[in-house]
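Okay, so here's the structure we're looking at.
The values are calculated or read from the model by the stated rules, or taken from the named source; none is laboratory data. Just so it is clear, the model here is predicted, and its values are computed rather than measured. Cβ placement follows ideal geometry from the backbone for every residue including glycine, while neighbour counts extend to all protein chains displayed. Ligands, DNA and RNA are excluded from the accessible area calculation, which covers all protein heavy atoms including side chains. Shrake-Rupley method; radii C 1.70, N 1.55, O 1.52, S 1.80 Å.
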Amino acid sequence: MTQAYLARSMPDSSPAPMTTPEALQREERKEHASMLLLLLPALLMVAVLLILPLGWLALQSVQGDDGFTLANYLRIFEERIYWDTFALTFKISLIVTVLSILLGFPIAYAAARLQGLWGNLILVCVIIPFWTSVLVRSYAWLVLLQRRGLVNQTLLDLGLIDKPLNLMHNTTGTVIGTLHVMLPFMVLPLYAVMRKIPQDLLQASNSLGASPFYSFRRVFLPMAAPGVMAGSILVFVICLGFFITPELLGGGRTILVSMLVQRNVELYHAWGAASAVGLVLLLVVFLIFWGINRFIPIERVLGAR
């Protein structure tokens, strides 16, 4: 009886059963099935909100009165108005992106480096425009930039100009209004990246004899480059399809791709032409991402690694 009691009380020292490759494969398949079930709602949402509308646009773009046709795409490459519209859209988007970098970098740098109240105050001032409708901000710029508006009147009172500047219903007004809307989209990615840069690296560089400008150029700026790229991509892509501000401040003279789509639908009821323009713009955006990914991986730009 004592031996039986000891045998029951002693831990089992027999070797654990070996895991076979078949069992490992079954466990892996179960894990993949579980992950697929978890992703299923998101995949359904992507299919309903993205894939199906794109499929409908692609179908509309090749439908004509007589069935299948490529006339809508041929018109884009043959008529000059489409080339001019795409060129102007990319020009304004590029100008707004460059100006966003020049204005947003020092703002993000100040918000990331200042401690306490001042850093938080700068960040709040950047976020506040998100609480106001884009339409309201665009109408506010109409008031500010008109010939007798605050900007022209102030410049006249200071004696800097002799006659009011033409700041509305042209490319200048479109760039100013769009830049105001897009600036937070540049500042926030820059701020997120700059907050993660250790201050000790700059101090170590200075202790080794580097000047502040050299430390900024060789240490801080390369580490902030992913934020610049992320903000630039975000601003540039949003500008390509921006509509409200260019429509109001452009005054019908500055026609971008988004307005071309709207006019094809509302004025000419040409869903095929509008769908073709939208798909071509989407293809151009994909080509831009592909080109950027050739030089800088998108994962690094977005901070995935």
Is it the case that I101 is open to solvent by less than 60 Å² (accessible area, probe 1.4 Å), outside any helix (DSSP H, G or I) and either at pLDDT 90 or above or of a type in the set (A, V, I, L, M, F, W, C) (or both)?
-> no
Selection within the stretch 61-98 - more than 27 Å from G177 (Cα to Cα), open to solvent by 30 Å² or more (accessible area, probe 1.4 Å), aliphatic (A, V, I, L, M) and part of a helix (DSSP H, G or I) | A71, L74
Whichever residue in the stretch 251-263 is among the polar types (S, T, N, Q) and in contact with a Ser or Thr (Cβ under 9 Å, 6 or more places away or on another chain) and, among such residues, is most open to solvent (accessible area, probe 1.4 Å) = S258
Counting just the residues of the stretch 104-122 that are touching a Leu at 6+ places or on another chain (Cβ under 9 Å) and under 18 Å from V235 (Cα atoms), which one comes out most open to solvent (accessible area, probe 1.4 Å)?
-> I107
Candidate set: the stretch 206-229, residues that are outside any helix (DSSP H, G or I) and of a type outside the set (A, V, I, L, M, F, W, C); chosen: the one nearest to I101 (Cα to Cα) | S211
Determine which member of the set A273, A224 is among the small types (G, A, S), in contact with a Lys or Arg (Cβ under 7 Å, 6 or more places away or on another chain) and buried (at least 20 other Cβ atoms within 10 Å of the Cβ).
-> A273
Every residue from the stretch 73-90 that is of a type in the set (A, V, I, L, M, F, W, C) and either more than 17 Å from V62 (Cβ to Cβ) or without any contact (Cβ under 8 Å) to a residue 24 or more places away in the chain (or both) = L74, F77, I81, W83, F86, A87, L88, F90
List the number of the failed condition for I128; all other conditions in (1) surrounded by 11 or more Cβ atoms within 10 Å (Cβ to Cβ); (2) part of a helix (DSSP H, G or I); (3) out of contact with any His (no Cβ under 8 Å at 6 or more places or on another chain) hold.
-> (1)
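Somewhere in the stretch 160-167, is a residue touching a Gly at 6+ places or on another chain (Cβ under 7 Å) and in a helix (DSSP H, G or I)?
no
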Across the stretch 177-205, the tally of residues that are touching a helix residue (DSSP H, G or I) at 6+ places or on another chain (Cβ under 7 Å) and not in a helix (DSSP H, G or I) stands at 2
Looking at the stretch 19-60, which of its residues are of a type in the set (K, R) and part of a loop (DSSP other than H, G, I, E, B)?
-> none
Check off (1) part of a helix (DSSP H, G or I); (2) open to solvent by less than 30 Å² (accessible area, probe 1.4 Å) for L234 and give me the number that stays unchecked.
-> (2)
Out of curiosity, is A42 modelled with pLDDT under 90 and surrounded by fewer than 10 Cβ atoms within 10 Å (Cβ to Cβ)?
-> yes
Keeping to the stretch 155-178, report how many residues are touching a Lys or Arg at 6+ places or on another chain (Cβ under 7 Å) and either of a type in the set (S, T, Y) or closer than 13 Å to G252 by Cα (or both).
-> 2
Check whether at least one residue in the stretch 187-195 is closer than 30 Å to G272 by Cβ and surrounded by 13 or more Cβ atoms within 10 Å (Cβ to Cβ), and report yes or no.
-> no
Can you tell me which residue within the stretch 136-152, out of those that are open to solvent by 80 Å² or more (accessible area, probe 1.4 Å) and assigned to a helix (DSSP H, G or I), is nearest to G177 (Cα to Cα)?
-> Y139
What residue, of L74, L70, L49, is within 28 Å of G252 (Cα to Cα), at pLDDT 85 or above and hydrophobic (A, V, I, L, M, F, W, C)?
-> L74
